[in-house]
Structure formats: structure tokens, C-alpha cells
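Each remark here refers to the structure printed beneath this line.
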Number of protein chains: 2
Amino acid sequence: MTSSDARRLLILTEGQFQAHNAKTAMGVIRYGTDEIVALLDSSIAGRNVNEWLPGHDIPAVGTLGEALAMPNPPDTLLIGIAPTGGRLPEDWRGIIIAALGAGMDVHSGLHTFLGDDAEFSAAAASSGARIVDYRRPPERHETAIGRRHRPGSRVILTVGTDCAIGKMSVALDLRKSALKAGDSVVFVPTGQTGMMIDGWGVAIDRVISDFAQGTVEWMVGEAESRGDWVIVEGQGSLDHPAYSSVTLSLIHGATPHALVMVHKPGMANHDFDHLPDVSFPIASLPEFIRLHEKVAGLVAPSRVVALALNTSLYQDDADARRVIEDIGRETGLPAGDPVRFGGDALWASIHEAVEALPWVQANDARVEA
Amino acid sequence: MTSSDARRLLILTEGQFQAHNAKTAMGVIRYGTDEIVALLDSSIAGRNVNEWLPGHDIPAVGTLGEALAMPNPPDTLLIGIAPTGGRLPEDWRGIIIAALGAGMDVHSGLHTFLGDDAEFSAAAASSGARIVDYRRPPERHETAIGRRHRPGSRVILTVGTDCAIGKMSVALDLRKSALKAGDSVVFVPTGQTGMMIDGWGVAIDRVISDFAQGTVEWMVGEAESRGDWVIVEGQGSLDHPAYSSVTLSLIHGATPHALVMVHKPGMANHDFDHLPDVSFPIASLPEFIRLHEKVAGLVAPSRVVALALNTSLYQDDADARRVIEDIGRETGLPAGDPVRFGGDALWASIHEAVEALPWVQANDARVEA
């Protein structure tokens, strides 16, 4: 995408910006490269995103009309939520129809494909607007082939103790630090938000189960042709009652040399936001780390080389730093909160640990057939 | 399905009956309840299935015409293979067109849906024949909800050290033994062959990753409303480089009280029949059993209560029995080959072990909300 096709985004979170579902909006605001003109959410109209995310000066408007009346109006409506099950809230239909009618493109990462909706596609056709469904899977239907990594490549996957705690953010912040350190690095988006940010990838949770591992394997191969360090965005958690198989398709499809474990200290139970009565406790870290290495090792050896902690439940910086130190000591691993405090030190530890892994060195020494 | 709609099957394996891919044909021949008029496979024309599967008197014919000229001709062509990737062999198109043209229904479990093929659907429309694609997933798009088992139910899942070694056959033979023992038992088909045999289920490898666990959870709920003992057909293996995530969706979606581990002694490497140069060793049993219990236990406690061994690599019955005894001793678990020697004794051991599991007793004592 050249700068002349840069989008001017209006992000739609109507009524949900302050809820957990708005992680797509948060990710695009934090890590995206397009201009964000405004947020459309009547529940916070008149306020500014920088109240929640300092440094991001984005006004919130209450109606589509207000956004279109701005001096440099948006040209793209981006659906800013990722609800469980991925459906479109019924009361958003009117906003989408109006945006398409006004000629705005609509970009969505929902499971429900907006482009397949007769009313939406008719509205788009009559105004010349485009609908982009990021979660639409590729036509490629291939199972994994047991591919080996290119000698010289180092593949890292973020895993975690729950979904929606920052596996994508950590991957993106580590990429930033890797670039700063002069490493040749590629990010592999595996979810709709990562795709919206980086412009490629596959929403792996949308792929047919039989082809999930094959699709991840193929994406890693693509990334290896573009850089030496490959950071794959993780999904879900290995112990999540609903999403663990998606997590395993990443672990066994990417066959990462190393894992970075993302964890949110202070959280007691898995995220089942749509089912408040269902409770599954978060795993204990040391045991969970060992189990990841065992499970990954069923297909290819891997090691958890660092902990990326989401300390957002600790308001005070000193408390957050103390928690990081405690958990680092408990697990014997380098630990940090790259999103809050920057990822440079953590990346340096990861870089050093990965270079020393025997299976990385063995693969470097291998001559490709 | 009443007896008046019983099908008269012609099973198509053209050129592949003796290859590994014909597991669909084998499963339907062994466990199906419809009449099998003939096998269509020119590579073994004139021979009889009972050469390979004693007790199954089914002639092999070389052409569709021969089958249609039989005294009581078949009314349904069943695609008898399950190749990796699930595509239709290109040179089978002519046979399918001819069968549809002759008014025969065509039943398929391939990933490629025959009903979506313009030429096939036109041929079916003009003759009034029906195309059934067993692998077509349900429209239901729901993630798992953390459902608990009905008090009184006992859920068992077959897992294994590789794909295509008999997880479905073991489940079906154990069901037979359970029925004989007077247990109220339901089989949950999770692959196309099991569905062709039992008339319901979902081919879980075809389901969108995000909904795989939710779909398994839902099927188990259905089964629990129909019987006390639920035997879920497993898929793949937890260490398979291509299919492990499908396996995990069954383990975490079914949350089985107990697991039956299926293993094929004498096999060294995973089945990668389409990639002869790729080699992944089969896991060591005792460690693999412990790992299954750990991984299952991330969501709900489970125990491997028995080993079902596929001894087909040991021609001599005495050798097979010695191998079963050795592996039983090595693992400390009840072991048998239910497909070869009958499953009654193994079922009795499983029944007793499952009844004694503390989490089964705790669930029985639970009062449903």
C-alpha cells in the first residue's frame, strides 16, 4: 500500500469502546499506520481517545453525519470490535448502510462477512464503495507438509495464559524493538486486527480445522523469505475451553524455535465475557511453561525464552515493576511489559536466548536439499 | 432411516482399494448397516472383498455397467476414499457423471463438495438423483460455552498415536460390546466415515477452527440426551504435524471423563502417505499417555483407562496376543485389540474404571441448575 492509498479511518465501536470487545479498535489505534480521523461511538461522543490511550489525539463523534462534516472527512469505516462468535450487532446495520451509501469503504474483521450481505453489497454497488472482509480465508486448502525452517531463520511465537491479553501487541512491540536493534524481522498476523495493521496474513480462527496448521506453516514460509527473524502473532491459549485448538494449530503449524509467554498478572479466570457464570482458572505459570515446551516438542523442539507481562491491572508503575520482578524470579526467565515500558531490553534477552538454542544452531548448519 | 429407505451401495475405490486411502470403504463395509452390492475398482475386478475382510462377501466389478447389470442393482454410489486434503481424483469424474446420469444417488465425504460442482449438479438435476456431501459443516457457528456433563453421563473419547489406525473402529466395536453388556450407549461420529455408518454427526476437520470445540461440545450434549455412555470418535493425534489441532478440539470440546488410547504396535513413523520423505516418529506410549492426561486436564480432568491396540502388523494371533500383553504390562493399563479379538473384556475394564473416577462420581452428585 503506497502513501497515496493511505486510508482515512472512522473506527466504529458504537457503545463498546470502553468494553473488552473493542480490542480491534485499540490495536489499530496503537499500531496502525493509517490516519484515524475519528471514533464513532455515541457513548463517548465529545470526548477524546487520548483520555484512555495517551498520545492518540482522536475525537469521538456521536453520529456518522458529524464525521462526514469534518474538514478532512474519513473515507473508510472500520469495524472496531471483535466479539465472541464474530457477529455484527444488529443495530449497527443502519450505520453501515449509511456509510456505504455515502461512498465510504467498509473494512471488517467479523466472522459474518459483510460482503455476503445482500443489502450491504447492493449499497456498496450503487455508490462504488468497497467492502473488505479481513477474516475471509484464503482459497488455499492444504494440510501441513512438515516443512523445515530455512537455515538462518529464527521463528518466535507469542503464546499466552488467556485470549485478549496482548499477544498481538507484544509481537508488534517486539518487532519495533527488533527493527531498532537492526534485526531483519517480519511480523506474521494471524488475526483480523493484526491483518488490518500489517496488510497481510490470515485470520487463522476462520480457516477450516483440517487446514489450520498447513496455513500457518505456509505463512511462516512466506515470512522466512522476507526476513531472518519471524514473529508470529499467537491466538487464544492452550488451556482455553473454546479456543485451545486454534492455539495448537499455531504451535504445531509454526514450529517456532522459541515461545514468548504473555500473561496478565492479577487475572484469576479465563475471559468468557459472554458467559459471566462460566469460570475456568488461569494456569500456574511455571507448570504452564513446561507444558508448552512438552506440547510444542511433540512436533519440534521449542523453549519459552521470555515472559511478556500485561501489567494493566497495576495502576502504579512501581507496583507493575515489582510484579514483573517477582514473576521473573519465580520462573527464572527474562520478564518485562513491552507495551507499557518498551520492549528493547526484553528483545535483547530474547535475541540472545534464541541464538543459543541448539536446534537453531543445528538448523543453521543444515544444507537445504 | 427406516428399512424401506435402506440404500443398496456401490462403493467406489477405483484403483485404491488396496491402498491406505480406502479407509472409508473399509469402515462402511465393516460397520455399516446398508446392503453393499459391489465394489467398483478395476484393479481388483473379479475378486471378492472377503479375500481381505473375511465374512464380507462383496464382489468387485471393473465398470459401472457391470454393477448396473446385476440382478438387484445398486441405487447409491458411495465414494470410498478419504485422501489427504480430501480432493476428488480427476479421473473419477466420468464415473460419477455416469452414475448420476443413471439415476444413482452419490454420497461423498470429500472436502471438495460434489454438490457444488456445476457438471455434477446438472447431471443430478436431469435424472432426479441426489448428491449428499457428508463433510458439509452445519450452519451452526458457536464457540464452546464451558458446558458441564449431565449427571449420570459418562463420556469417553478415543485418542491415538497416529491418524488412520482405528480410532473409529475401536469406538464402534466398544459400542457393540457396551450394547451387549446392556449399557445405554451412543456413538458420536466426528468424521465422514462414522457419519456414513451412523447417520448423524459432524466431520469436525471441516468446521471453522473457531467453532470446532463448540461443535464437539454441542454434539456431546446431543448424545447425552440419548444415552448414558457416550463414545466419541477421535481424530488425528495430539502429536501429528498436520492434524493435532483437530485432535485437541475433540479433547477440549468433549471434555471426556476418560480416554481410550489407540495405538498400532510396530509402526515407527506418522502417516504422511502423500509425503514419503517426511518422517515424524510415533510417540513413546507411557509418556504420551501422561501428556494426554495433562493436556486434557487443562480444561477438565480425564484419564487414559485402556489401550486399544491395532495389531494388524502381526499376522500370527499368538504374536498379536503377546504384543498386547507386553504393552499392557509396560503401561499398567487394560489392553486389547477389540477389532481383531472382540471388545467385551476391554469394555468391562473400561466400564469399571470409568465408574470409579472421582470426577464421574462428583458429577453424578451434582444437582443441575
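The values are calculated or read from the model by the stated rules, or taken from the named source; none is laboratory data. Just so it is clear, the model here is predicted, and its values are computed rather than measured. Using ideal geometry, Cβ is built from the backbone for each residue, glycine included, and neighbour counts are taken over all protein chains shown. Accessible surface is based on the protein model in full, side chains and every heavy atom, while ligands, DNA and RNA are left aside. Shrake-Rupley method; radii C 1.70, N 1.55, O 1.52, S 1.80 Å.
Below are the figures for this structure:
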{"quantity": "Residue tally, condition open to solvent by less than 40 Å² (accessible area, probe 1.4 Å), among the acidic types (Asp, Glu) and over 20 Å from B:Thr190 (Cα atoms), over region B:101-148", "calculated": "2"}
{"quantity": "Hits in region B:271-314 - residues which are assigned to a loop (DSSP other than H, G, I, E, B), facing another protein chain (nearest Cβ under 9 Å) and under 22 Å from the mean Cα position of the chain (by Cα)", "calculated": "B:Phe272, B:His274, B:Ala283"}
{"quantity": "Any hit, region B:171-187, residues being free of Cβ contacts under 8 Å to residues at least 12 places away in the same chain and more than 14 Å from every other protein chain (Cβ to nearest Cβ)", "calculated": "yes"}
{"quantity": "Members of region B:31-51 found to be touching a residue at least 24 places away in the same chain (Cβ under 8 Å) and not in a helix (DSSP H, G or I), listed by number", "calculated": "B:Gly32, B:Thr33, B:Asp34, B:Glu35, B:Ile36, B:Val37, B:Ala38, B:Leu39, B:Leu40, B:Asp41"}
{"quantity": "Where A:Val260 falls short, out of the listed (1) under 30 Å from A:Trp200 (Cβ atoms); (2) within 14 Å of another protein chain (Cβ to nearest Cβ); (3) under 20 Å from the mean Cα position of the chain (by Cα)", "calculated": "(2)"}
{"quantity": "Scope region A:189-199; condition crowded, with 24+ Cβ neighbours inside 10 Å and touching a residue at least 60 places away in the same chain (Cβ under 8 Å); matching residues", "calculated": "A:Thr190, A:Gly191, A:Gln192, A:Thr193, A:Gly194, A:Met196"}
{"quantity": "Test for A:Arg87: is it at pLDDT below 95, under 30 Å from A:Ala223 (Cα atoms) and among the basic types (Lys, Arg)", "calculated": "no"}
{"quantity": "Residue, surrounded by the fewest Cβ atoms within 10 Å (Cβ to Cβ), within region A:65-90, restricted to residues that are within 20 Å of B:His141 (Cα to Cα) and charged (D, E, K, R)", "calculated": "A:Glu90"}
{"quantity": "A:Asp337 in contact with a helix residue (DSSP H, G or I) (Cβ under 7 Å, 6 or more places away or on another chain), open to solvent by less than 60 Å² (accessible area, probe 1.4 Å) and within 22 Å of A:Leu53 (Cα to Cα)", "calculated": "yes"}
{"quantity": "The listed residue being outside the structural domain of B:Tyr243 (by TED's automatic domain parsing), touching a helix residue (DSSP H, G or I) at 6+ places or on another chain (Cβ under 7 Å) and of a type outside the set (Asp, Glu), out of B:Gly55, B:Gly46, B:Gly80, B:Gly86", "calculated": "B:Gly80"}
{"quantity": "Checking A:Asp277 against (1) out of contact with any His (no Cβ under 9 Å at 6 or more places or on another chain); (2) within 24 Å of B:Thr143 (Cα to Cα); (3) at pLDDT 95 or above, the condition it does not meet", "calculated": "(3)"}
{"quantity": "Among residues of region B:269-318, those that are touching a strand residue (DSSP E or B) at 6+ places or on another chain (Cβ under 8 Å), under 17 Å from B:Asp162 (Cβ atoms) and open to solvent by 70 Å² or more (accessible area, probe 1.4 Å), counted", "calculated": "2"}
{"quantity": "Scope region B:205-233; condition open to solvent by 10 Å² or more (accessible area, probe 1.4 Å), closer than 12 Å to B:Glu142 by Cβ and either hydroxyl-bearing (Ser, Thr, Tyr) or more than 7 Å from every other protein chain (Cβ to nearest Cβ) (or both); matching residues", "calculated": "B:Glu217, B:Trp218, B:Gly221"}
{"quantity": "Any chance B:Val202 is at pLDDT below 95 and either more than 8 Å from chain A (Cβ to nearest Cβ) or open to solvent by less than 40 Å² (accessible area, probe 1.4 Å) (or both)", "calculated": "no"}
{"quantity": "Region B:221-247, residues that are under 18 Å from B:Ala300 (Cα atoms) and more than 16 Å from the chain's Cα centre (by Cα)", "calculated": "B:Gly221, B:Glu224, B:Trp229, B:Leu238, B:Ser245"}
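Listed here are the residues, each with its yes/no results for (1) more than 24 Å from A:Pro241 (Cα to Cα); (2) aromatic (Phe, Trp, Tyr).
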position: B:Arg93; (1), (2): yes, no
position: B:Phe120; (1), (2): yes, yes
position: B:Ala124; (1), (2): yes, no
position: B:Val132; (1), (2): yes, no
position: B:Pro137; (1), (2): no, no
position: B:Gly146; (1), (2): no, no
position: B:Gly160; (1), (2): no, no
